[in-house]
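Taken together, the values in this text are just the output of simple stated rules run on the coordinates, not laboratory data. A quick note: this is a predicted structure, and the numbers were derived from the prediction, not measured. Cβ sites come from the backbone with ideal geometry, for glycine too, and all protein chains shown count toward neighbours.
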Amino acid sequence: MHVVLDVETKNLGCDVIKDNEQLLSFQLGDATEQELYYYDSKDKQSNLEIGKKRIMSLLSQGVTFAGFNIKNFDISILKQFLGVEIPDSNIFDLYQTPRVCELRNMKIFGLERVCGEYGIGVVHKRKMNERAEKCQAKEVIQIEAKAKALEVMKKKGGTFNYAFNEVLHKIAYGHAVWGSYLEFVESGGQKNTLFYEYAIGDVICEHQLLKKLGY
C-alpha cells in the first residue's frame with residue numbers, strides 16, 4: 001500500500017537543502033483522502049507530534065511512503081526536524097522510476113513539468129508561482145537576490161543575470177510559501193487558503209502520477 005508523503009518548510013534562501021529553517025507541515029494521503037499536520041496547530045489532532053505518531057503507526061502496518069524526490073528531500077527533512085526515520089524498504093521515490101528518469105534525460109525536470117506530460121493538473125503550483133512573481137518585485141528580495149547571486153558566481157562562475165534570475169526565483173518562492181503559511185495559521189487552519197491548497201495539491205498530483213506510472 002502506497003501513501004503519499006510530502007513536506008513544506010520555511011526556506012527563505014536559495015539552497016533547497018541547507019537553507020531550511022523549520023518544518024512547517026507534512027501531508028499524507030492519496031487522491032481522495034488527505035491529512036495535514038502543521039507546526040503552529042492549536043488543534044491536538046493536527047500538530048506535528050500527532051502527525052509523527054501517525055507516520056509510526058503507518059510504518060507498523062507496512063505502508064510504503066511515496067513521493068516525488070522523497071528520498072533526497074522529504075525523508076531527510078522529517079529526520080532533521082522530527083527525528084523520524086523511515087527505512088529505505090518503506091520508501092518509493094517517483095523521481096527514480098524508469099519513466100521519470102527517461103523524462104529527466106529529455107530535460108524534463110520538476111513535478112510540475114512531469115505531471116504536465118501526463119495531463120495531471122497542477123493549479124496549486126501555478127497559484128503559488130503567481131504569488132512568487134509578486135514577491136520578486138519587492139525591493140528587499142531584489143537586494144537579497146543580488147547579494148546571493150554574487151556568491152553563486154564566485155562558487156560556480158557564469159553570468160550575473162543567470163545567477164540572479166535563478167536565485168531570485170528560489171528566494172521569492174520561499175517567501176510566497178512562508179507568507180501563505182502565516183495566513184493559513186492566522187485562519188486557524190482553514191482549507192480555503194492558498195497554503196492548504198498548495199500543500200494538499202502536491203499529495204493529490206503525486207498520487208495521480210503514481211497511478212499513471214502504473215504503481
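Once Rg and the Kirkwood radius are both taken over the C-alpha atoms of segment 94-174, their ratio Rg/Rh works out to 1.07. Residues of segment 1-16 with the amide nitrogen closer than 17 Å to a label point 7 Å from the Cα of S187, along Cα-to-Cβ, please. Within reach of a label on S187, which here means backbone N under 17 Å from a point 7 Å along Cα→Cβ, segment 1-16 contributes 8. Assuming charge only on the beta carbon of Lys and Arg (+1) and of Asp and Glu (-1), the dipole of segment 2-212 about its Cα centre is about 480 debye to the nearest 20. Ellipsoid semi-axes for the chain, based on the Cα gyration tensor and the rule √(5λ), read 28, 22, 17 Å when sorted largest first. The alpha carbon centroids of segment 99-121 and segment 7-78 are separated by 23 Å. Cβ-Cβ distance of N47 and N105, R₀ of 35 Å, FRET efficiency by 1/(1 + (r/R0)^6): the value works out to about 0.25.
Each residue of segment 202-209 is assigned a 3J(HN,Hα), and the resulting list reads 5, 4, 5, 6, 5, 5, 4, 5 Hz, derived from the Karplus form 6.51 cos²θ - 1.76 cosθ + 1.60 (θ = phi - 60°), x at Gly and Pro.
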